[in-house]
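The values are calculated or read from the model by the stated rules, or taken from the named source; none is laboratory data. Small disclaimer: the values here were computed from a predicted structure and weren't measured. Using ideal geometry, Cβ is built from the backbone for each residue, glycine included, and neighbour counts are taken over all protein chains shown. Heavy atoms of the whole protein, side chains included, go into the accessibility calculation; ligands, DNA and RNA do not. Shrake-Rupley method; radii C 1.70, N 1.55, O 1.52, S 1.80 Å.
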Amino acid sequence: LSMSRGEVARAETTIARAVSICREGGRRAELVEAMNVQGAMYAMAGRLRDAVATMRDALVIAERIEHLRLASILKNNLGDALLTLGEIAEAEERLYAAVEAAGRLDDHTLLSDAARNLARAAHQRDDRERALIWARRSVAASQLADVIRTRASALQTLADILGDHEDPRHAVHELGV
């Protein structure tokens, strides 16, 4: 809530306290969740290096406690942050792992988000064909997820990639809406 109101300092203090409490209490799953939120907050504040470092640390803990769901979410979030930093190779590695885990978990929301991020990565590498493949997979998974935000994000990514096409009518036709 503090972040949504633009109270970054308050949000940082609150999340840092939550991380500290979880660390002291030995609650590792809750610690991973708190660190994921902390990493997301850093990313929203434009502190991408801090976000990546925090998410990497949280991922190590999630893998150590063998919490597949949290590790998968972190791989996607870490991949997204790395992608924003322009570290495409490592981002794709994390995102492919997130897609694989989402399939094992039967988590269509995570699958859609990770596929959307892979579409963004391919688009950044100017690989339009792969970008379209991943964007379409994201849209398909989002329809199974039945979460409006997920579907909207997937469709927006597909529209962005299709919008690069020379013929806008073709892009609208391909979007299928």
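In terms of its C-alpha gyration tensor, region 7-84 comes out oblate, because a/c is 1.5 or above while a/b does not outweigh b/c. Each Lys and Arg contributes +1 and each Asp and Glu -1, all at the Cβ; summed about the Cα centre of region 1-160, the dipole is approximately 240 debye.
Helix 108-124 and the longest principal axis of the C-alpha atoms of the chain enclose an angle of approximately 70°. Roughly how tilted is helix 48-64, in degrees to the nearest 10 and between 0 and 90, from the longest Cα axis of the chain? Helix 48-64 sits at roughly 70 degrees to that axis. Between the Cα long axis of helix 28-44 and the first principal axis of the chain there is an angle of about 60°, rounded to the nearest 10.
For region 25-69, the relative contact order comes to 44 percent (Cα pairs under 8 Å, sequence separation of at least 6).
Kindly identify region 56-128 as rounded, prolate or oblate by the Cα gyration tensor criterion: order the square roots of the eigenvalues as a ≥ b ≥ c, call it rounded if a/c is under 1.5, otherwise compare a/b with b/c, prolate if a/b is larger, else oblate. Cα axes put region 56-128 in the oblate bin. Exposed loop sites here mean GluC sites (Glu not before Pro) with a DSSP loop assignment and at most 10 other beta-carbon atoms within 10 Å; the chain contains its longest site-free run at 67-165. Heavy-atom accessible surface of the chain, averaged per residue, reaches 54 Å², computed with a 1.4 Å probe.
Translational diffusion of the chain was estimated from the Stokes-Einstein equation, with Rh taken as the Kirkwood radius over Cα pairs; at 10 °C and 1.306 mPa s the coefficient is 94 µm²/s. Looking at the chain, which longest stretch skips every one of the trypsin sites (Lys or Arg not before Pro) that is in a DSSP loop with at most 13 other Cβ atoms within 10 Å, leaving the sites themselves out? The reported range is 28-124.
The amide H of Arg27, built 1.01 Å from its N in the peptide plane, has no neighbour under 5 Å, considering only residues 5 or more places off or on other chains. Classify region 74-174 as rounded, prolate or oblate, taking a ≥ b ≥ c as the square roots of the eigenvalues of its Cα gyration tensor: rounded when a/c is under 1.5, otherwise prolate if a/b is larger than b/c and oblate if not. Verdict is oblate for region 74-174. The HN-Hα couplings worked out from phi for region 131-142 by the Karplus form 6.51 cos²θ - 1.76 cosθ + 1.60 (θ = phi - 60°) are 4, 5, 4, 5, 5, 5, 5, 4, 4, 4, 5, 5 Hz, whole numbers, x standing for Gly and Pro.
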